[in-house]
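Have a look at the structure below, then the notes.
The values are calculated or read from the model by the stated rules, or taken from the named source; none is laboratory data. A quick note: this is a predicted structure, and the numbers were derived from the prediction, not measured. Virtual Cβ from ideal backbone geometry, glycine too; neighbours counted across all protein chains shown. Side chains included, ligands, DNA and RNA excluded: accessible areas come from the protein's heavy atoms. Shrake-Rupley method; radii C 1.70, N 1.55, O 1.52, S 1.80 Å.
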Amino acid sequence: MTETAIKPVHVVGGGMAGSEATWQMARLGVPVILHEMRGVVETDAHSTDGLAELVCSNSFRSDDHETNAVGVLHQEMRLLDSIIMSEGDANRLPAGGALAVDRDAFSQAVTARLEAHPLVTIVREEIPALPPEDWDSAIIATGPLTSESLSASILDQTGEGELAFFDAIAPVIHRDSINMDKAWFQSRYDKGETEADRTAYLNCPMDEDQYNAFIDALIAAPKTEFKEWEDTPYFDGCLPIEVMAERGRETLRHGPMKPVGLTNPHQPDIKAHAIVQLRQDNALGTLFNMVGFQTKMKYGAQTEVFRMIPGLEDAQFARLGGIHRNTFMNSPRLLDKQLRLKSQPRLRFAGQLIGVEGYVESAAMGLMAGRFAAAERLGQDLAQPPETTAMGALIEHVTGGHLDAGKGSFQPMNVNFGLFPQMVAPSRDEDGNRLRGKAKGVARKKLMAKRALEDIVSWRDAS
């Protein structure tokens, strides 16, 4: 079958999942028409019309492929020629053991590569409903900001009652407005192989009185509320900072403001009660985002409350935080193992829309949807990756691994080792020393990571 004889596959949505799906199909010789509405219809969260624009954060999280599940997913995607990972690596910023990217350069690079591919056609238009019948193969990857009309069309087709939950965005601060007499550069536990990685975060310390005053102000601050979405739940992995504070005065000290693994060089003998971390947001190092500080506070309140943080008294904000609605399906009930809609197999879904959370997880499901669709177009059979891989574990979770406990029980999920088939931890290390406690858990994760990477290579080579 020649490339010119192959009918194109349509992809709706040019975010992380849609861009990755498009790339995977094109590299396998299948023509793709990518429909992206930004440039014609804007959203509340995006600021450009670039493909694969990062909205909430510029971090792909941990890049440790030996003991961290998301790092394993990174490596699996690299082994499968992911455009998201190759451009993430090409545009990475210092971030300790994490993979953070220059968000603008990253999006521009992904956009340029897809625009230049001879089998990719990009059409700037909104697809307001499920694709027409003559699109015999399509991937819906409209992400967390799926339009109301398309959401309504999906609901009508699936018979489901709801598709939405809240998500929030963290503020970004100009580096030169941070008081370095109080703040300092250090990654937690000095993690990282290079000096840039070991000093990837800006840290702002608080004593107990400052922390308590901050919590009081956070809880009392006026918030943005969306009454038409009142019954929509938050996703626990991206809670607004003030919602966490309302769950208990100590919650933030055990979450994004935990003070462990850091030493204040300005006061080395005094242990901070809490610490706010900021991470580099662009290649120039001029912008830093507040790690874990997603918020729904009103703009005026944000500047007032966040300037209570030592070191940020004169902070200038390049972007204030905000709240927007996310959308996801009850995928275990609606999708098969090939990510096809059971009631309309010509349609595949990918990305956050199917109930995975995180940039990399979204792109990974786009990668798989693209490979499934390409194989189908080329008359080939392609089984899903083994459940022992990060890819396979995510597919299993969203298509059948979830235990249905009634309405609202299926929630977005980051990749984690809890989704993988478990392995028995070794009792001794390579030197024969007995393993106990955390060391035993780390050894088990290493075994699972090694198995995953071996199995994804075997699956790739057999495909």
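Output the residue which, of all residues in the stretch 171-188 that are under 18 Å from residue 96 (Cα atoms) and surrounded by 21 or more Cβ atoms within 10 Å (Cβ to Cβ), is nearest to the chain's Cα centre (by Cα).
Here the residue is 187.
Which residue pairs have Cβ atoms closer than 8 Å, lie 6 or more positions apart in sequence or on different chains, and pair a first residue in the stretch 201-221 that is closer than 16 Å to residue 305 by Cβ with a second residue that is in a helix (DSSP H, G or I) and of a type in the set (Lys, Arg)?
Partner pairs satisfying both residue conditions: 211/253.
Within the stretch 257-266, is there a residue that is crowded, with 21+ Cβ neighbours inside 10 Å, at negative phi and either in a loop (DSSP other than H, G, I, E, B) or of a type in the set (S, T, N, Q) (or both)?
yes
State which residue pairs qualify: first residue closer than 18 Å to residue 175 by Cβ and inside the stretch 295-321, second residue open to solvent by 50 Å² or more (accessible area, probe 1.4 Å) and in a helix (DSSP H, G or I) in any location, beta carbons under 6 Å apart, and separation of 6 or more residues or different chains.
Going by the 6 Å Cβ cut-off, the qualifying pairs are 320/299.
List the number of the failed condition for residue 162; all other conditions in (1) at pLDDT 90 or above; (2) open to solvent by 50 Å² or more (accessible area, probe 1.4 Å); (3) touching a helix residue (DSSP H, G or I) at 6+ places or on another chain (Cβ under 9 Å) hold.
Unmet condition: (1).
Given (1) closer than 30 Å to residue 297 by Cα; (2) part of a helix (DSSP H, G or I); (3) open to solvent by less than 10 Å² (accessible area, probe 1.4 Å); (4) not small (Gly, Ala, Ser), where does residue 329 come up short, assuming only one miss?
Single failed check for residue 329: (2).
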